[in-house]
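Okay, so here's the structure we're looking at.
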């Protein structure tokens with residue numbers, strides 16, 4: 001049989017085979033899908049999927065690479081034998097994973113941002129009040145150092161959040177919130193210590209007696225609250241002025257011996273007014289510390305062995321100027337800024353009673369309505385809870 005005869009017999013089958021190969025093996029390369037995946041991966045990276053959904057993103061990138069390799073391998077084959085099915089499957093998987101990585105990154109960033117904001121708000125609400133309270137402690141106290149650290153964490157968290165670094169921002173915000181919560185507990189313990197102090201009854205009695213003396217004598221009187229760092233001037237039992245006051249370096253303690261840098265507690269009087277040029281501290285009001293009660297307590301403490309027999313009781317406690325330093329710093333005196341001591345100096349005289357307590361408590365609320373602040377909030381408002389506030393209630 002010649003060639004033409006043989007070809008004519010097999011031609012119909014060959015034509016069918018060519019048609020099948022052309023249909024199944026010559027599909028077009030999924031180039032547009034490849035670029036769609038590439039764009040989806042870039043979008044996912046912009047959403048920081050490498051940080052917030054790294055595993056899904058890595059799998060998408062792996063599928064994308066497999067798809068590109070499959071396209072390159074098939075493109076090198078005879079055109080009639082090419083099959084891009086494997087490449088298509090890899091790229092479709094890569095696309096779905098890239099989109100999932102971007103979506104997860106969005107959700108996780110949103111969640112981190114919300115949690116960070118909540119923690120920062122919590123820390124912010126505490127830091128302002130804590131900074132006021134602890135600024136009056138010695139710079140080297142543990143509580144003040146801890147507060148400075150909490151402030152640094154808070155500011156770092158805010159900066160990181162602003163730059164989109166939400167994971168470290170959340171970590172620092174959480175640490176700032178935890179540290180301020182612990183410091184708030186410290187403040188609460190300090191207040192509880194004063195409120196539960198054995199001297200609280202003394203504080204209440206001293207305040208009441210001082211207010212009554214001011215009312216009955218139609219005169220001025222001074223109340224110093226060491227916890228709130230306030231000096232309140234009364235006239236006829238009413239609040240005339242409230243000044244910010246700074247104490248001794250160990251001001252929260254009651255003075256026991258000379259050199260302990262504590263501010264005394266008790267009822268005293270002004271015994272001398274020192275004008276400009278008569279004191280190193282601008283102006284000063286000398287009080288009669290130690291009084292008889294102080295001397296009795298000092299002798300009893302020595303007898304019990306609580307203080308050395310060689311210790312001295314000390315003296316020269318004043319209300320003086322050169323304050324406004326935003327921290328406790330004196331040797332035991334009460335310091336006001338110069339503007340405030342000038343104001344107080346002209347309003348008081350020798351003999352004006354001065355009562356110094358560790359914690360004023362809510363004693364004012366028990367006084368007759370005409371002489372008491374209207375509410376607990378009114379009492380709290382007499383404490384200048386913002387830095388830079390020198391005097392309050394100048395009415």
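Each value in this text was obtained by applying a stated rule to the coordinates, not by laboratory testing. Computed from a predicted model, the values in this text were never measured in an experiment. No Cβ is skipped: glycine too gets one built from the backbone with ideal geometry, and neighbour counts run over all protein chains shown.
Miscellaneous remarks
- With R₀ fixed at 30 Å, the C-beta to C-beta distance from residue 212 to residue 275 puts the FRET efficiency at about 0.45.
- Spin-label model, residue 299/residue 103: points 7 Å from Cα along the beta carbon direction are separated by 8.7 nm.
- Per-residue packing, averaged as other Cβ atoms within 10 Å, sorts the ranges 286-294, 173-181 into the order 173-181, 286-294, beginning with the highest.
- Whole-Å semi-axes of the ellipsoid equivalent to the range 43-143 (Cα gyration tensor, √5λ, descending): 55, 12, 7
- Chain lengthening between residue 327 and residue 35 when straightened (0.36 nm per residue, less Cα-Cα): 98.7 nm
- Subtracting the Cα-Cα distance of residue 72 and residue 115 from their residue separation scaled by 0.36 nm leaves 10.8 nm.
- Residue separation of residue 200 and residue 145 scaled by 0.36 nm, minus their Cα-Cα distance, works out to 16.9 nm of gained length.
- With the simple spin-label model, which puts each label point 7 Å out from Cα in the Cβ direction, the residue 339 to residue 152 separation comes to 3.3 nm.
- Tail beyond 16 Å, pair distance distribution of the range 240-295 (Cα, percent): 58 percent
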